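What follows is a short report on a single structure.
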Amino acid sequence: MKKLPKLSLSKLSILLLAALCLGVLIYDLADTTAKDALPAEATSVPRSSILLEPSAELPATPGSMALNTPEEDNFYAEYRLQREQVRSEELELLQSIIEDAGTAKELRDRASARKLEIAQNMEYELMAENVLYAKRFGQSVVMLGQNTATVILSGPFDDIGAAQVAEAICGVTGLNYENVVIINR
């Protein structure tokens, strides 16, 4: 069996970014054929399966671009920066476990699997945030956990908008609607 070459973190990042761009392009091409119509599956999502914090006012058009204040834009930028810093530290720790010759094979395998899981979550989160932005939901933060996705969005939206957000997240991550939590910031 031929061994695959080790990829550095920068090469892995470039590959993930290329895969993300390709995925967004394919998703966007598939989405344009729908002519912005909400699919039948999304309209049949029970309200109880989408957790949505109430909002005082609704936009004229669901999914219309939310105009964020500088503080809101700062929140999203700061959150992403903190998320990236924490993940970098975790990836460094995992890499040191993998490279330590004294580490048990089982622990190295678990560290390797966790590193791949983090990379996959990073790709899905970035792709989901970009899809939401492309669908005119404005800035967002998507956090993936064990079989869950939490989405933080600015601006009010109604149940149809929530269904569109959940559909986009499910399309990117493969999660079920009941595993998507939407928080209106």
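All of the numbers you see were taken from the coordinates with simple rules; none came from a lab. Keep in mind the model is a prediction, meaning the values are calculated, not measured. Please note: Cβ atoms are built from the backbone with ideal geometry, for glycine as well, and neighbour counts cover all protein chains shown.
For region 134-148, does any single residue satisfy the condition of being in contact with a Phe, Trp or Tyr (Cβ under 6 Å, 6 or more places away or on another chain), more than 18 Å from Tyr79 (Cα to Cα) and in contact (Cβ under 8 Å) with a residue 60 or more places away in the chain? No. Considered as a group, the residues in region 99-136 that are assigned to a helix (DSSP H, G or I) and hydroxyl-bearing (Ser, Thr, Tyr) include one that is surrounded by the most Cβ atoms within 10 Å (Cβ to Cβ), and that residue is Tyr124. I'd like to know if region 167-176 contains one or more residues that are touching a helix residue (DSSP H, G or I) at 6+ places or on another chain (Cβ under 9 Å), free of Cβ contacts under 8 Å to residues at least 24 places away in the same chain and within 21 Å of Arg80 (Cβ to Cβ). Within region 167-176, none of the residues are touching a helix residue (DSSP H, G or I) at 6+ places or on another chain (Cβ under 9 Å), free of Cβ contacts under 8 Å to residues at least 24 places away in the same chain and within 21 Å of Arg80 (Cβ to Cβ). Condition check: of a type outside the set (Val, Ile, Thr) and touching a strand residue (DSSP E or B) at 6+ places or on another chain (Cβ under 7 Å). Does Leu132 satisfy that? Judged against the criteria, Leu132 is a match.
Which members of region 149-181 meet the condition of being in contact with a Lys or Arg (Cβ under 8 Å, 6 or more places away or on another chain), surrounded by fewer than 20 Cβ atoms within 10 Å (Cβ to Cβ) and over 25 Å from Asn74 (Cβ atoms)? Listed by number, the list holds a single entry, Asp159.
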